[in-house]
Amino acid sequence: MYLAGEEEIQAIARVIRSGKLFRYRDDSECERFEKRYARYLGVGEFALGASGTYGLAAGLVGLGIGPGDEVLVPAHTYMATATAVLAVGAIPVIVDIDETVTISPDAIRDAIGPHTRAVIPVHMWGAACNMDAIMDIAESKGLLVLEDVCQGIGGSYEGRKLGSIGHAGAFSFNFFKNISGGEGGGIATSDPKVAERARCYIDPCHFYWQGRNDETKPFAGVGARASELLGAMLNVQLDRLEGMIKAMRAEKKKILAGTKHLDNLGLRASPMNSPDHDCATQVMFTLPNEDAAQAFIKTMPAVIAGKTGRHTFTQWDQVLMHEGAHHKALNPYTLPDNKGLRTEYRDGMCQGSLDILNRTVMVATHPSHSAEETEAIIHNIDQAARVALESVALDAVVLKSQQAVDPQKFDA
Ligand SMILES: Cc1ncc(COP(=O)(O)O)c(C=O)c1O
């Protein structure tokens, strides 16, 4: 999702004309965005950086995760969730999702071992994880929770903004996200110590510009500082966010109401943990089996959740092949501190997740869809369901013209 116009062009032009693209300055666009976004989320601080991947790693560093720690990640997420765990020297343990396509609280409970320190619930496709259950488990088992909100900007869980519920929340502002600066990311938290460590990881020299904090000794990090161009663009994008989310939620509601009659046929709206508060970028349906899902997407523009390549654990080469670092001495899979941790990913693992993903189809909404376009989507879902579930021949259905799926977003 990416909507931008003259306002973004003007904001970026202002920064260029000022000649001040470095964030540490008076009237900093980055600092203004950090404060506004923290307020929007309802957290104490937001630290802006260059990507969501780096935001995740900064969040883990902020929380004190490193060698010796296992971190639970869902079987369905962009691979960066798992590679960020490796980047800080810890081991990702992959656990099942449920029909909401988000991490299963039961699977979290079952997966906790003596070395498990944290869990990363990922709000996939803008749909919230079951945060009440996850926070209960975390509290009773002493786990830290880093929300991966890269796909969930603007979404909430029961009235609380995603990213404000766990101990920290990581965000991406890359081209595909609900607000974007082309690239970008960051970390939200209400714990000043976590924020300070995350800022140090994002910019190991930040204390030089922003002042030392006696409690946090500076440590080395790779560096992923944001520029004023990103800050300026995001300040405009933030103003667009609520309107976009409102429009997508309204469209999703119409699509769900218009396709409810297909329930009996076997096309069911996927269950959601907070159905009225998701980003509504996608409307998800669960079909009885993979063949039906395949027939559905051959009929109309839609995507099977399990066929988006990099979002399924089976495609995470670095993880499955134990290539955890650029140098073998730094590889978390062979670090002495990680001895005794669960480093193996067995063949045939998480089959339940694959089954769910391969029969879940996603139909994209868009804030700029007209009433006619939404009607076309509803009509096409009806026709696709008849092909998928009533054995109606493909050439016997009549489809209305509809926006194609963006292949860059979903291809492997
Ligand atoms: C769930 C999830 N986590 C992490 C990331 C990584 O964000 P970035 O591409 O900004 O590094 C993404 C980006 O697509 C994502 O979708």
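Only one of E45, E29, E34, E70 is surrounded by 21 or more Cβ atoms within 10 Å (Cβ to Cβ) and within 19 Å of N178 (Cα to Cα). Can you tell me which?
Numbers: E45 fails: within 19 Å of N178 (Cα to Cα); E29 fails: within 19 Å of N178 (Cα to Cα); E70 fails: within 19 Å of N178 (Cα to Cα).
Going through E45, E29, E34, E70 in turn, just one is surrounded by 21 or more Cβ atoms within 10 Å (Cβ to Cβ) and within 19 Å of N178 (Cα to Cα): E34.
Go through the range 257-273 and report how many residues are crowded, with 16+ Cβ neighbours inside 10 Å and either touching a residue at least 60 places away in the same chain (Cβ under 8 Å) or hydrophobic (A, V, I, L, M, F, W, C) (or both). The qualifying residues number 10.
Residue by residue, here is whether (1) farther than 30 Å from G306 by Cα; (2) part of a loop (DSSP other than H, G, I, E, B) holds:
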position	(1), (2)
F33	yes, no
R39	yes, no
G62	yes, no
Y78	no, yes
T81	no, no
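Does L389 satisfy the condition of being open to solvent by 40 Å² or more (accessible area, probe 1.4 Å), within 22 Å of L256 (Cα to Cα) and part of a helix (DSSP H, G or I)? The answer is yes for L389. Of the residues screened, A293 is one that is in contact with a Lys or Arg (Cβ under 7 Å, 6 or more places away or on another chain), under 30 Å from D110 (Cα atoms) and touching a residue at least 60 places away in the same chain (Cβ under 8 Å).
Here is a check on your reading of the model: is G223 at pLDDT below 95 and on the phi > 0 side of the Ramachandran plot? Quick ask: steps written out before the conclusion?
Details: at pLDDT below 95: yes; on the phi > 0 side of the Ramachandran plot: yes.
When the stated conditions are applied, G223 passes them.
The single condition from (1) in contact with a Leu (Cβ under 7 Å, 6 or more places away or on another chain); (2) open to solvent by less than 10 Å² (accessible area, probe 1.4 Å); (3) assigned to a strand (DSSP E or B) that R117 fails is (2). Checked against (1) surrounded by fewer than 23 Cβ atoms within 10 Å (Cβ to Cβ); (2) within 15 Å of the ligand (Cβ to nearest atom); (3) at pLDDT 95 or above, Y2 meets all criteria but (3). The residue of the range 120-144 that is most open to solvent (accessible area, probe 1.4 Å), among those that are closer than 29 Å to I304 by Cβ, of a type in the set (A, V, I, L, M, F, W, C) and more than 12 Å from the ligand (Cβ to nearest atom), is A133. Run down T53, T81 and say which single residue is among the β-branched types (V, I, T), open to solvent by less than 30 Å² (accessible area, probe 1.4 Å) and near the ligand (Cβ under 8 Å from one of its atoms). Every option except T81 fails the conditions. Screening the candidates G340, G348 for the property of being more than 27 Å from the chain's Cα centre (by Cα), of a type outside the set (A, V, I, L, M, F, W, C) and on the phi > 0 side of the Ramachandran plot yields one hit, G340.
For the range 45-57, the condition holds for at least one residue, the condition being that it is of a type outside the set (F, W, Y), touching a Ser or Thr at 6+ places or on another chain (Cβ under 7 Å) and not in a helix (DSSP H, G or I). The residue of the range 145-166 that is surrounded by the most Cβ atoms within 10 Å (Cβ to Cβ), among those that are assigned to a loop (DSSP other than H, G, I, E, B) and polar (S, T, N, Q), is Q151.
For the range 202-221, give me each residue that is hydrophobic (A, V, I, L, M, F, W, C), touching a residue at least 24 places away in the same chain (Cβ under 8 Å) and closer than 18 Å to G55 by Cβ.
Initial filter on the range 202-221 (hydrophobic (A, V, I, L, M, F, W, C)): 202, 205, 207, 209, 219-220.
With touching a residue at least 24 places away in the same chain (Cβ under 8 Å) added as a condition, the list becomes 202, 209.
Once the filter is applied, which keeps residues that are hydrophobic (A, V, I, L, M, F, W, C), touching a residue at least 24 places away in the same chain (Cβ under 8 Å) and closer than 18 Å to G55 by Cβ, the range 202-221 yields only I202.
Which of the following residues is out of contact with any Lys or Arg (no Cβ under 9 Å at 6 or more places or on another chain) and either in a loop (DSSP other than H, G, I, E, B) or crowded, with 23+ Cβ neighbours inside 10 Å (or both): G181, G231, G243, G169? Even if it seems obvious, please write down each step before you answer.
Working: G231 fails: out of contact with any Lys or Arg (no Cβ under 9 Å at 6 or more places or on another chain); G243 fails: either in a loop (DSSP other than H, G, I, E, B) or crowded, with 23+ Cβ neighbours inside 10 Å (or both); G169 fails: out of contact with any Lys or Arg (no Cβ under 9 Å at 6 or more places or on another chain).
Result: G181 is the single residue among G181, G231, G243, G169 that is out of contact with any Lys or Arg (no Cβ under 9 Å at 6 or more places or on another chain) and either in a loop (DSSP other than H, G, I, E, B) or crowded, with 23+ Cβ neighbours inside 10 Å (or both).
The values are calculated or read from the model by the stated rules, or taken from the named source; none is laboratory data. Everything quoted here is computed from the prediction, not taken from an experiment. For neighbour counting, all protein chains shown are included, and Cβ atoms are generated from backbone atoms with ideal geometry for every residue, glycine included. Side chains are part of the model used for accessible areas, which takes the heavy atoms of the whole protein and leaves out ligands, DNA and RNA. Shrake-Rupley method; radii C 1.70, N 1.55, O 1.52, S 1.80 Å.
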